[in-house]
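S.K.: This is the structure I have questions about; it appears just below.
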Amino acid sequence: MSLDTHPDAGLPHERIDALRQRVRGVVLEPDDDGYDEARTIWNAMIDRAPALVVQCAGTADVVAAVEFARETDSELSVHGGGHNVSGNAVSDGGVMIDLSPMDGVHADPEARTVRAGGGALLGDIDHETQLFGLATALGVVSETGAAGLTLNGGYGHLSREYGLAADNLRSVDVVTADGEVRTASEDRHADLFWAVRGGGGNFGVVTSLEYDLHEVGPEVSRLFVWYHADEASDRLAAFREWTASAPRTAAVLPFLAHVPDEEPFPEASWGEPSLVFFGCVRGDPDAVDDVVGPLTDGEPIADFSGRTRFEELQALLDEDYPDGLRYYWKSLYLDELTDEVVDLLVRYNERAPSDLSTVDCWWLGGAVADVAPEATAFWHREEPFMLNFEANWIDPDADDENVAWVREGFAAAEELPVSGGRYGNFPGFADDPAHLLFGGNYERLVDVKTRYDPENLFRLNQNVAPGGAE
Ligand SMILES: Cc1cc2nc3c(=O)[nH]c(=O)nc-3n(C[C@H](O)[C@H](O)[C@H](O)COP(=O)(O)OP(=O)(O)OC[C@H]3O[C@@H](n4cnc5c(N)ncnc54)[C@H](O)[C@@H]3O)c2cc1C
């Protein structure tokens, strides 16, 4: 019997119909209502048309979609929150597993844990946990997908005290390439649990994540102060000195930017290159000025620091990263924040083709570095800083110059003796070899990959090929 095939994708209609019968969620083909919305992700640089989108209502749907992709030999992509800049959530002609409907969150304040579905966003989790004055360590923008962020590590305001998002995992449920549902934790499928904490989406579809919770807020102190970039060298030198003894309850992320052309920024400063200290300080509100004092003396362009609800702080930057803008971000680690690095930050910020772009200097260390690099798949724990070139722009005709700006800045940073490695959550178009992310953990990841995904079904990621294949 010959199977009736889809004209574009070559997928057998009978198989698609059978999949529709099997799932409770929605199976979308290119002509279906909702298909375009489903295939469109945050980064407008990515415009891809999968043959099929499976919007999964639960784990059983994920199993059906994984089996379908495997049996039809389709390229499989996994959409958590759709916010990875590389666009690996979607592929041309492939099968996209869309976990957006699986965004349920259940906080257990007594056990101090929270369980989130594989499509939950950071804001979904913070909203439920802050009800109890609790939080887990996630990122700094509420619309980011928790699964994608966590599987590749995950830095945020709480990392220096509570570690990476991945370090806060107690267990995950994973649908592996064979269609089995496995719960992985320290004492169940420990090899898989080791691998998903930093190894990205290589090992299966994570349908549920269980995290530890900590007392946070509900109020914290926000640091958000803007200075002229001509003060950047002195201020970043002071910042470097300050990081040597600053408490773990203080998180500060300096970035170079341009002053937005809008109120409440003073009009005279609009468009000027600037240095911003953005962060969160917890603990006694009366002690905050003393804690951040060395960073904030003198006259700023603008200062939006003050008390805020933690949940609001987590959403403060959301509006700077709307869906539908064009984005290209790339990162590498720094052993030191040298004068040369600072000079490079300032120079590349000045020449950014788009005023929406930034050059960020993440301050890491603390609890992230307390964990040994071999303890989980996440290797780059000892470097105290990470540089991220963020090109953010509107005009499609400006794609080339914005991508070139990142690549040139990145190449210049790579030349510095203090730089190295890669971070999987800011990966450009995922164009660098995976061993740069995984360092000394790479071979062990290959072993786990070979065990759980020998055919490399999950390959749209920072791919660890099974059996060490190219
Ligand atoms: C505005 C913005 C702010 C950010 N802020 C931070 C930050 O503060 N800290 C930080 O560390 N990072 C940050 N990031 C980076 C972010 O962590 C990554 O982009 C992350 O990959 C996003 O996850 P996602 O689920 O939204 O992405 P998606 O594009 O949906 O997924 C990315 C990849 O992750 C894998 N994946 C996702 N979900 C699953 C799943 N359930 N099971 C298996 N594999 C899965 C897949 O391989 C997929 O290709 C930010 C990104 C953006 C866009």
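Laboratory data are not the source of any read-out in this text; all were calculated from the coordinates shown. What you are looking at is a predicted structure, and each value in this text was computed from that prediction instead of being measured. Every residue, glycine as well, gets a Cβ built from its backbone with ideal geometry; the counts of neighbours run over all protein chains shown.
S.K.: Check HIS228: other-chain or 5+ apart residues with amide H under 5 Å from its amide H, H built from backbone geometry?
M.R.: LEU275, ILE301
S.K.: Would you list GLU210, GLU263, GLU336 from fewest to most Cβ contacts within 10 Å?
M.R.: Values: GLU210 20, GLU263 8, GLU336 15.
Ascending number of Cβ neighbours within 10 Å: GLU263, GLU336, GLU210.
S.K.: Around ALA135, with a cut-off of 9 angstrom between Cβ atoms, what is the net charge of the other residues, counting Lys and Arg +1 and Asp and Glu -1?
M.R.: -3
S.K.: Next question, about the same structure. If I model a spin label as a point 7 Å beyond the Cα along the Cα-Cβ vector, how far apart are those points for PHE132 and ALA411 in nm?
M.R.: In this crude label model, PHE132 to ALA411 measures out at 5.2 nm.
S.K.: For every other residue with a beta carbon closer than 10 angstrom to the beta carbon of ALA65, add +1 if it is Lys or Arg and -1 if Asp or Glu, then tell me the sum.
M.R.: Details: positive: ARG22, ARG70; negative: ASP61, GLU67, ASP98.
Net charge around ALA65: -1.
S.K.: State the volume of the convex hull built on the alpha-carbon positions of region 162-209, expressed per residue in Å³ and rounded to an integer.
M.R.: 65 Å³
S.K.: Also, I was wondering about something else. Regarding region 44-202, what is the average projected area of its C-alpha convex hull, in nm²? Don't skip to the answer; put the middle values down first.
M.R.: Working: hull surface 37.6 nm².
If you wrap the Cα atoms of region 44-202 in a convex hull and average its projections, you get 9.4 nm².
S.K.: Could I ask something else about it? On each of the three principal axes of the Cα atoms of the chain, give max minus min coordinate, whole Å, ordered largest first.
M.R.: Its Cα atoms span 79, 53, 40 Å along the three principal axes.
S.K.: Please list, ordered by chain and number, the residues whose modelled amide H lies under 5 Å from the amide H of SER208; skip anything fewer than 5 residues away on the same chain.
M.R.: GLY118, ASP173
S.K.: Calculate, in nm to one decimal, what ASP320 and ASP397 gain on full extension: separation in residues at 0.36 nm each, minus their alpha carbon distance.
M.R.: Once the chain is fully extended between ASP320 and ASP397, it gains 25.6 nm.
S.K.: Turning to a different aspect of this structure: Calculate, in nm to one decimal, what ALA237 and ASP33 gain on full extension: separation in residues at 0.36 nm each, minus their alpha carbon distance.
M.R.: Extra length available between ALA237 and ASP33 comes to 68.0 nm.
S.K.: Treating the beta-carbon of each Lys and Arg as +1 and of each Asp and Glu as -1, no other charges, what is the dipole magnitude of the chain about its Cα centre, to the nearest 20 debye?
M.R.: With Lys and Arg at +1 and Asp and Glu at -1, about 1560 debye.
S.K.: I would also like to ask the following. Take the alpha carbon atoms of region 13-98, find their radius of gyration, then divide it by 2.2 N^0.38 Å using N residues; give the quotient.
M.R.: Normalised Rg, Cα atoms only: 1.00.
S.K.: What list of ³J(HN,Hα) couplings, whole Hz, do you get for region 107-120 from phi and the Karplus terms 6.51, -1.76, 1.60, once you set θ to phi - 60° and write x for glycine and proline?
M.R.: Per residue, the Karplus-derived 3J(HN,Hα) values read 9, 10, x, 6, 7, 6, 9, 9, 10, 10, x, x, x, 5 Hz.
S.K.: If you wrap a convex hull around the C-alpha atoms of region 294-380 and split its volume per residue, what is the figure in Å³? Let's see the in-between values first.
M.R.: On the way: hull volume 17.4 nm³, N = 87.
Cα-based convex hull of region 294-380, divided per residue, equals 200 Å³.
S.K.: Using +1 at the Cβ of each Lys and Arg and -1 at the Cβ of each Asp and Glu in the chain, identify which of GLY145, TYR348, HIS228 lies farthest towards the dipole's positive end.
M.R.: It is GLY145, whose Cα lies furthest towards the positive end.
S.K.: Report, by chain and number, residues whose modeled amide H sits under 5 Å from the one on LEU121, excluding near sequence neighbours (fewer than 5 apart, same chain).
M.R.: ALA146
S.K.: Count the net charge of all other residues whose Cβ sits under 10 Å from the Cβ of ILE125, scoring Lys and Arg as +1 and Asp and Glu as -1.
M.R.: With Lys, Arg at +1 and Asp, Glu at -1, the net is -3.
S.K.: Could you sort the peptides 22-28, 163-169, 173-179 by per-residue average Cβ neighbour count (10 Å cutoff), highest mean leading?
M.R.: Working: 22-28: 18.7, 163-169: 25.7, 173-179: 21.0.
Ranked from most to least packed, the peptides come out as 163-169, 173-179, 22-28.
S.K.: Next up: Whole-Hz ³J(HN,Hα) for each residue in region 442-447, computed from phi via Karplus 6.51 cos²θ - 1.76 cosθ + 1.60 with θ = phi - 60°, x for glycine and proline: what do you get?
M.R.: In residue order, the calculated couplings are 4, 5, 5, 5, 4, 4 Hz.
S.K.: Between ASP432 and GLU110, with labels modelled 7 Å along Cα→Cβ, what's the label distance in nm to one decimal, could you check?
M.R.: 4.7 nm
S.K.: Can I ask one more? So what are the ³J(HN,Hα) numbers for region 148-162, from phi and the Karplus equation (6.51, -1.76, 1.60; θ = phi - 60°), rounded to whole Hz, Gly and Pro as x?
M.R.: Values, residue by residue: x, 4, 6, 5, 9, x, x, 9, x, 4, 9, 5, 5, 9, 10 Hz.
S.K.: For ALA60 and ARG307, FRET efficiency with R0 = 35 Å and r from the beta-carbon atoms, rounded to 0.05?
M.R.: 0.15
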